[in-house]
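Comments concern the structure below.
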Amino acid sequence: MSNPTIVERIYAKTRDKERVILFPDAEDIRVLRAAEILHNESIAIPILIGDTDKIEQLADSEKINYLPEIKDPNNSELTEQFAEQYYELRKTKGITLNESRGIMRLPLFWAGMALTARYAAGCVAGSLSATGDVLRAGISTVGLASGIRTVSSWFLMIMEDRLMAYADCGVLPYPTDEQLSDIAYSTSLNFTKVTGEEPKVAFLSFSTHGSAKHESVKKVQNAYSIFSKKYPHIIADGELQADAALIPAIAQRKAPDSPISGDANILVFPNLDAGNIAYKLTERLAGAIAIGPLVQGLAKPYCDLSRGCSVQDIVTVAAITALMADMNL
């Protein structure tokens, strides 16, 4: 296991800030135990979304000592309000008000509307729900962030001597050049919110500064060009091979004029194959802690968990979600 003190620093950054995090997969003992930790350690204020009776029965059977506030979409005073608001959002897609009322009885969608209405800083789901369901709920309720047209994901990679972000490793199989630019920007914002470090973005390829010619290389070059024009204040370079992005001595040989100088902390992968393989290799061979995939590109943080997640995974993702949230809630 890599340096756990970094995770503790993440918890410390959100501790006592009283950010509310919603949990729509609340009929899960792991979520109840994570909520207890979040409360006891003052990392966040958890609110459970779901059937009150089922959640309370689960808590009793598992001897949970602390049960946070529960919002049941089936009898909440907010459900009709959310149904009307969701109808207004989606009526151009052909949805009826009655259909909207039915959708608002689903915890994933109710939580998304509560997040949109600023009742919480963020939402964490996925321990029971499939990723596709979480993404659909988030996109249709929360919507996309201003200026962003791409929903993607990132991993916080915690190693012995450095923190890094890998993106996209969980959502888009073959992003376009414009989508790669969006991915890089979203990741830069979130990496800084969570770690406090200045982003240094490397657009990765099998080529460094024109050393190879290929359509996929051209896509990465275009992505960097789009990004550097839109966000000139963010340190970035591309296209770079991984060693030129990460090793100063190699960067000096392969890319001597690179503003990153072999010190990238954000790696933007050209496709999902590369990103997913890279994060798993880093995790399994280098002993890194891989936290994610953390959904990004939405107007409010609505994060997804692996269905195989541990209680501590849920706690950590909740803390990161709180840090990804708009500080002006």
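The values are calculated or read from the model by the stated rules, or taken from the named source; none is laboratory data. Quick caveat, the model's predicted, so the values are computed rather than measured. For neighbour counting, all protein chains shown are included, and Cβ atoms are generated from backbone atoms with ideal geometry for every residue, glycine included.
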Pairing a residue in segment 15-35 that is outside the structural domain of residue 74 (by TED's automatic domain parsing) and within 21 Å of residue 103 (Cβ to Cβ) with any residue that is in a strand (DSSP E or B) and of a type outside the set (Val, Ile, Thr), where Cβ atoms lie under 7 Å and the two sit 6 or more apart in sequence or on different chains, gives none
Residue 192: passes all of (1) over 11 Å from the mean Cα position of the chain (by Cα); (2) in contact (Cβ under 8 Å) with a residue 24 or more places away in the chain; (3) assigned to a helix (DSSP H, G or I) but (2)
If we only count strands (runs of 3 or more DSSP E) wholly inside segment 51-170, which ones have 2 or more residues that are closer than 30 Å to residue 5 by Cβ and touching an Asp or Glu at 6+ places or on another chain (Cβ under 6 Å)? 152-158
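Results for (1) β-branched (Val, Ile, Thr); (2) out of contact with any Ser or Thr (no Cβ under 8 Å at 6 or more places or on another chain), shown as yes or no for each residue.
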residue	(1), (2)
216	no, no
225	no, yes
243	no, yes
250	yes, yes
254	no, no
266	yes, no
294	no, no
When (1) under 14 Å from residue 119 (Cα atoms); (2) at pLDDT below 95 are applied to residue 48, the one that fails is (2)
When the residues of segment 127-173 are narrowed to those that are acidic (Asp, Glu) and more than 20 Å from residue 203 (Cα to Cα), which ends up surrounded by the most Cβ atoms within 10 Å (Cβ to Cβ)? 133
Which pairs do you get when a residue that is closer than 27 Å to residue 8 by Cα, found in segment 43-64, comes within reach of a residue that is among the acidic types (Asp, Glu) and surrounded by 14 or more Cβ atoms within 10 Å (Cβ to Cβ), reach meaning Cβ atoms under 7 angstrom, with the pair 6+ apart or on two chains? 64/36
Can you tell me which residue is surrounded by the fewest Cβ atoms within 10 Å (Cβ to Cβ) among those in segment 48-95 that are of a type in the set (Ser, Thr, Tyr) and under 25 Å from residue 138 (Cα atoms)? 92
Just to confirm my filter: which strands (runs of 3 or more DSSP E) fall fully inside segment 227-329 and include at least 3 residues that are in contact (Cβ under 8 Å) with a residue 60 or more places away in the chain? 266-268, 289-296, 302-304
Among the residues of segment 204-223, what is the count of those that are among the aromatic types (Phe, Trp, Tyr) and closer than 22 Å to residue 298 by Cα? 0
Segment 301-317, residues that are surrounded by fewer than 24 Cβ atoms within 10 Å (Cβ to Cβ) and of a type in the set (D, E, K, R): 307, 313
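Name the residues in segment 203-226 that are charged (D, E, K, R) and part of a helix (DSSP H, G or I), would you?
Hits for segment 203-226 are 215, 218, 219.
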